[in-house]
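> Could you have a look at this structure, given as structure tokens, before my questions?
The values are calculated or read from the model by the stated rules, or taken from the named source; none is laboratory data. Just so it is clear, the model here is predicted, and its values are computed rather than measured. Don't worry about glycine lacking a Cβ; one is built from the backbone with ideal geometry, like all the others, and counts go over all protein chains shown. Accessible surface is based on the protein model in full, side chains and every heavy atom, while ligands, DNA and RNA are left aside. Shrake-Rupley method; radii C 1.70, N 1.55, O 1.52, S 1.80 Å.
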Amino acid sequence: PAGGGGNGEGQAAQAGEENAKLKDQYLRLNADFDNYRKRTESEKESLAKNARGSTLEELLPVIDNFELARTQLVLETEAEQKVSESYQNLYKQLVETLKKLGLEPVEAVGAKFDPELHDAIMQEETTDFEDGAVMEEYRRGFAFGDRLLRAAMVKVAVNSSSGQEEEAAAENSESEETESEGGQEE
């Protein structure tokens, strides 16, 4: 009886160890599966986002064509006006839908030129804008989330650096003259 009881305790201890080992294995497998599920969900979201971005990028020429058509139209009759209004309503609906999907226009006119967001195709000397500011936008740029789909084509302001240098030189020569005149009187 005493030997049998010891054997039972040994089997109980062994069963306890086996149980702990299986529980640990179960928890590890469960954690691995949870990580796998999260990783595949993340990859799925990333693929969907990339697909939306690519689709939006393909639709950008459609937006360009609507905007170009609006600037080219010469409306002379009431019928032409109604057709134009219908097309503009379609355009507005398209733009609203694209915004809901995450398409955002890139800020251009008045903003500081950013080579990451803007494609400078012209420069113009002016004092009406700060040096390096975007003066005019020729084609809108668009972003989708943190991804730039297309840079904006812009004209950038350039302040005449030679005029600024001449002003600085004139100020320096005036201050030198004042200093030399002050030195001669003493």
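> Please state which one of Val106, Val134 is within 13 Å of Met153 (Cβ to Cβ), surrounded by 14 or more Cβ atoms within 10 Å (Cβ to Cβ) and free of Cβ contacts under 8 Å to residues at least 40 places away in the same chain.
Working: Val106 fails: free of Cβ contacts under 8 Å to residues at least 40 places away in the same chain.
The conditions single out Val134.
> In addition: When the stretch 131-153 is examined, which residues are found to be farther than 11 Å from Leu60 by Cβ, under 17 Å from the mean Cα position of the chain (by Cα) and part of a strand (DSSP E or B)? Even if it seems obvious, please write down each step before you answer.
Here is the first cut: in the stretch 131-153, the ones farther than 11 Å from Leu60 by Cβ are 131-138, 143, 145-148, 151-153.
Next cut, under 17 Å from the mean Cα position of the chain (by Cα) only: 143, 145-148, 151-153.
Passing the criteria: Ala143, Arg147, Leu148, Ala152, Met153.
> Report yes if some residue within the stretch 89-96 is hydrophobic (A, V, I, L, M, F, W, C), at pLDDT below 85 and under 29 Å from Ala157 (Cβ atoms); otherwise report no.
Going residue by residue through the stretch 89-96, those that are hydrophobic (A, V, I, L, M, F, W, C) are 90, 94-95.
Then drop every residue that is not at pLDDT below 85, which leaves none.
Checked the stretch 89-96: no residue is hydrophobic (A, V, I, L, M, F, W, C), at pLDDT below 85 and under 29 Å from Ala157 (Cβ atoms).
> When only residues in the stretch 53-90 that are assigned to a loop (DSSP other than H, G, I, E, B) and not β-branched (Val, Ile, Thr) count, which is most open to solvent (accessible area, probe 1.4 Å)?
Checking each candidate, the answer is Glu76.
> For the stretch 109-121, give me each residue that is assigned to a strand (DSSP E or B) and open to solvent by 50 Å² or more (accessible area, probe 1.4 Å).
If we filter the stretch 109-121 for residues that are assigned to a strand (DSSP E or B), which is where we start, we get 112, 118-121.
Passing the criteria: Lys112, Asp119, Ile121.
> Something else about it: Could you tell me whether any residue of the stretch 92-107 is aliphatic (A, V, I, L, M) and assigned to a loop (DSSP other than H, G, I, E, B)? Please lay out each step first, then the result.
Restricting attention to the stretch 92-107, the residues satisfying the condition of being aliphatic (A, V, I, L, M) are 94-95, 98, 101, 103, 106.
From the residues that got through so far, the ones that are assigned to a loop (DSSP other than H, G, I, E, B) too are 101, 106.
Yes, the stretch 92-107 contains at least one residue that is aliphatic (A, V, I, L, M) and assigned to a loop (DSSP other than H, G, I, E, B).
> Return the pair list, or none, for Cβ contacts closer than 9 Å from residues in the stretch 145-172 that are of a type in the set (Lys, Arg) to residues that are outside any strand (DSSP E or B) and at pLDDT 85 or above, at least 6 apart or on different chains.
Arg147/Lys49; Arg147/Asn50; Arg147/Gly53; Arg150/Glu57; Arg150/Leu60; Arg150/Val106; Arg150/Arg140; Arg150/Gly141
> Another question, if that's okay. Would you point out which residue out of Tyr26, Tyr36 is of a type in the set (Ser, Thr, Tyr), more than 30 Å from Phe144 (Cα to Cα) and surrounded by 10 or more Cβ atoms within 10 Å (Cβ to Cβ)?
On the way: Tyr36 fails: more than 30 Å from Phe144 (Cα to Cα).
Step by step, each of Tyr26, Tyr36 is checked, and only Tyr26 is of a type in the set (Ser, Thr, Tyr), more than 30 Å from Phe144 (Cα to Cα) and surrounded by 10 or more Cβ atoms within 10 Å (Cβ to Cβ).
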